[in-house]
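Everything below concerns the one structure shown next.
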């Protein structure tokens, strides 16, 4: 049985996950995290790095206990190479490299975006899907061509998660982020409330959120609309833009499967909208469980296992803040 430990540290979450293969069966044995809480000041890189360094021993120990294995059982250590916040990436890299050296096992650098895509394919059983990747700093529409992922469309300014987080803080929500917007939007949706018309910026398969953000900040300052109505209108507009671009890409790439991945993929309204679009296009829609859409160590361990089995361990292992999904080959 091959067992790989994965360490995730790209942003606000420190994760340690363990994945094992026995024969043809792959199992996620553990997936433990510790997330730095959202605050009104946003995420400060130094504070995130301190958090990760402090909680790493406990998260690692809990992951080993949950998996029922010891460090002596680990065959390789994988970690998030990028993209992400430099301070955070460095903590995960040092932890993983130190552990790999002490155990005498391979150190495997994993592309964070590829990990989101691959673990979602694993859970949904998708073979060749169009991938809608939505998280804090990322908004991309992706398809695989041979041994490389290709970006068909993406945000040309802010990632959708960061865009929602900024507005959540502007409105002093609880929590002050995208989750706060989701909760308030759901309340207004449940009341059947009216929609506020907002800027809708899309060009082909690319998206823009800065104009929408500026208008929303003006409306927040004006205080003419309730927080719930604003949150509802923000979600409906941003997600409609994303669905339109994804539908165009789905038809262009002629895919018969669609999956949504990343932290924002946990939003049930976005899942509903993409699922409806996929059905209209006669494509199968899938989404992984929330624990594998948020940043987590299991997805890093899973791609680490694939890399180990296919002998594609890069010697270029330093963290890369701006690493893109289309930079690296996929050899499995």
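The values are calculated or read from the model by the stated rules, or taken from the named source; none is laboratory data. Small disclaimer: the values here were computed from a predicted structure and weren't measured. All Cβ positions, even for glycine, are placed from backbone atoms using ideal geometry, and neighbour counts span all protein chains on display.
Within segment 283-293, the only residue that satisfies the criterion of being under 16 Å from residue 136 (Cβ atoms) and surrounded by 21 or more Cβ atoms within 10 Å (Cβ to Cβ) is 293.
When segment 103-120 is limited to residues that are within 18 Å of residue 271 (Cα to Cα) and touching a strand residue (DSSP E or B) at 6+ places or on another chain (Cβ under 7 Å), the one that is surrounded by the most Cβ atoms within 10 Å (Cβ to Cβ) turns out to be 116.
Return yes or no: is residue 100 assigned by TED's automatic domain parsing to the domain that holds residue 313, in a helix (DSSP H, G or I), buried (at least 18 other Cβ atoms within 10 Å of the Cβ) and within 20 Å of the chain's Cα centre (by Cα)? No.
Every residue, every condition in (1) modelled with pLDDT under 95; (2) in the same structural domain as residue 85 (by TED's automatic domain parsing); (3) surrounded by 21 or more Cβ atoms within 10 Å (Cβ to Cβ), yes or no:
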| site | (1), (2), (3) |
| --- | --- |
| 251 | no, no, no |
| 258 | no, no, yes |
| 261 | no, no, yes |
| 264 | no, no, yes |
| 278 | no, no, yes |
| 300 | no, yes, yes |
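Looking at segment 128-245, the strands (runs of 3 or more DSSP E) lying wholly inside it that each contain 2 or more residues that are more than 17 Å from the chain's Cα centre (by Cα) and under 21 Å from residue 117 (Cβ atoms) sit at 139-145, 148-154. Are any residues in segment 304-332 more than 14 Å from residue 10 (Cα to Cα), in a loop (DSSP other than H, G, I, E, B) and touching a residue at least 24 places away in the same chain (Cβ under 8 Å), and if so, which ones? Result: 313, 314, 316, 317, 328, 330, 331, 332. Considering only residues that are out of contact with any helix residue (DSSP H, G or I) (no Cβ under 6 Å at 6 or more places or on another chain) and touching a residue at least 40 places away in the same chain (Cβ under 8 Å), look in segment 24-34 and name the one that is nearest to residue 121 (Cα to Cα). By that ranking, first place goes to 26. Which residues, taken from segment 127-155, are buried (at least 21 other Cβ atoms within 10 Å of the Cβ), touching a strand residue (DSSP E or B) at 6+ places or on another chain (Cβ under 6 Å) and over 18 Å from residue 201 (Cβ atoms)? Within segment 127-155, 129, 130, 131, 133, 142, 149 qualify.
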